[in-house]
Each structure stands twice: as structure tokens, then as C-alpha cells.
Amino acid sequence: DTAVSQTPKYLVTQMGNDKSIKCEQNLGHDTMYWYKQDSKKFLKIMFSYNNKELIINETVPNRFSPKSPDKAHLNLHINSLELGDSAVYFCASSRNGVYGYTFGSGTRLTVV
Amino acid sequence: GQQLNQSPQSMFIQEGEDVSMNCTSSSIFNTWLWYKQDPGEGPVLLIALYKAGELTSNGRLTAQFGITRKDSFLNISASIPSDVGIYFCAGQLNDYKLSFGAGTTVTVRA
């Protein structure tokens with residue numbers, strides 16, 4: 001019973017393609033996040049949704065668009081992929097935005 | 001966003017050693033958290049601290065929330081091989097956003 005599950009685990013695609021990453025949590029949390037981890041392992045927040053409403057939108061290119069169909073799901077769609085988008089993307093969830101986040105196991109995106 | 005400085009950047013451990021790492025911030029936080037990341041996995045929460053001065057243990061791990069609210073440390077006592085990984089500190093003020101340090105990579109000394 002995975003608490004926060006992301007699919008796919010690995011994604012290799014060509015520049016210019018459009019791709020999506022899905023995330024689901026079964027913890028009953030009301031807040032979900034997308035983080036990007038670069039090659040130096042630095043974790044940077046991209047987006048956050050609370051009860052399906054966008055509450056955090058960091059400086060992220062417009063090519064990245066999150067969608068939250070319900071509290072348990074937060075998907076990330078990326079248009080016109082670029083080489084610099086290669087990274088590991090983590091989904092996370094929390095209750096009321098506090099008490100620590102629970103992370104998924106990540107999606108390693110490689111753009112060639 | 002808030003800047004967190006985590007040190008050391010990397011360390012080697014020998015089984016049985018006590019190790020320590022810390023994190024400082026340019027601004028205050030209301031919550032400090034410590035995470036561990038194993039290869040191919042997401043970060044896992046180790047310890048959460050919610051009050052200035054708080055000292056909390058979780059098995060061989062001990063962490064403290066600094067009095068100034070701008071720093072925290074994590075100690076690992078009697079380290080074992082499975083302690084290797086990347087340890088991250090994270091701080092949160094009042095919003096929903098966690099800011100992370102750059103991580104401390106712990107490796108076993110050959």
C-alpha cells in the first residue's frame with residue numbers, strides 16, 4: 001500500500017515532446033506538491049495544491065502545468081520538453097501543509 | 001525564498017562512530033525537519049521539530065531546534081552501514097512551503 005505513488009518511475013523522451021507524470025496519495029492529505037531535484041540533489045518546490053486549489057507557483061516555465069482533479073491526485077504536464085528539464089521530479093503530500101511531507105519515490109525524466 | 005546552509009556537504013563514517021551535521025538559515029523558521037534519501041527513493045522524514053530549543057530523538061538519531069530559530073543539528077550515534085545516504089534539513093515558516101538544504105552525503109569509509 002504505497003502512500004504516495006508516482007508514475008512512471010522512469011521517462012526517457014526526445015526534445016520537443018509533451019509528457020505527463022501522475023501522482024496519487026492515499027493518506028487523506030489535503031495538500032500536494034511537485035518538487036524538482038537537480039543533478040546536484042538540490043530539492044526545489046515547483047507547485048502546491050491545497051484542496052485542489054493552486055497555492056504555490058514558483059518561478060517555473062509556462063511549459064509546466066499542474067492539474068489536480070481531486071485532493072488525492074496531482075499530475076504534472078510538461079510541453080515542449082528541453083534538455084534542461086532532465087531531473088528527478090518528486091510528488092509529496094501533507095496534512096494542512098504542516099507536520100512534514102510524505103514523498104513519492106520520484107520520476108527520473110531524461111530528455112535526449 | 002529562504003536560504004539554508006547545510007554542512008558538511010559530505011562525510012565518511014566508520015561503523016560505530018557518532019556523526020553530526022547542521023543547518024543554518026538567514027531567516028527564522030517555525031518548523032525544522034530532517035529527511036534521509038536513499039538511492040532511487042524519495043526523502044523520508046526522520047525527525048520533526050516544532051519549538052525553539054526542542055531536542056528530539058528517534059532511535060540513534062537526535063535533532064535540536066536552535067534557540068534563535070535559525071539553525072538545527074542532527075546527530076547519529078553509533079553509525080551502522082545502512083546510515084549511508086543523503087540527509088536533508090528543511091525549514092518551514094507559516095506557509096505551505098518547505099525549503100531544503102543542499103544535503104549531506106554520508107558514505108562508509110573503506
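Worth pointing out:
- Among residues of the stretch A:58-85, those that are without any contact (Cβ under 8 Å) to a residue 40 or more places away in the chain and farther than 30 Å from B:A48 by Cβ, counted: 6
- Residues that are aromatic (F, W, Y) and assigned to a strand (DSSP E or B) were ranked within the stretch A:22-57; the one that is farthest from B:P43 (Cα to Cα) is A:Y49.
- From the options A:F64, A:F42, residue that is closer than 24 Å to B:T104 by Cβ and either within 14 Å of chain B (Cβ to nearest Cβ) or not aliphatic (A, V, I, L, M) (or both): A:F42
- Sole residue being more than 11 Å from chain A (Cβ to nearest Cβ), free of Cβ contacts under 8 Å to residues at least 40 places away in the same chain, more than 25 Å from A:Q6 (Cβ to Cβ) and among the acidic types (D, E), chosen from B:E54, B:E15: B:E54
- Complete set of residues in the stretch B:78-103 that are of a type in the set (G, A, S) and without any contact (Cβ under 8 Å) to a residue 12 or more places away in the chain: B:S82
- Per the conditions (1) in contact (Cβ under 8 Å) with a residue 24 or more places away in the chain; (2) closer than 18 Å to A:G106 by Cα, the sole criterion not satisfied by A:K40 is (1).
- Any hit, the stretch A:78-87, residues being within 14 Å of chain B (Cβ to nearest Cβ) and surrounded by 17 or more Cβ atoms within 10 Å (Cβ to Cβ): yes
Only the coordinates and a few stated rules stand behind these numbers; no lab work does. These numbers come from a predicted model, not from an experiment. With ideal geometry, Cβ positions are generated from the backbone for all residues, glycine too; neighbour counts draw on all protein chains shown.
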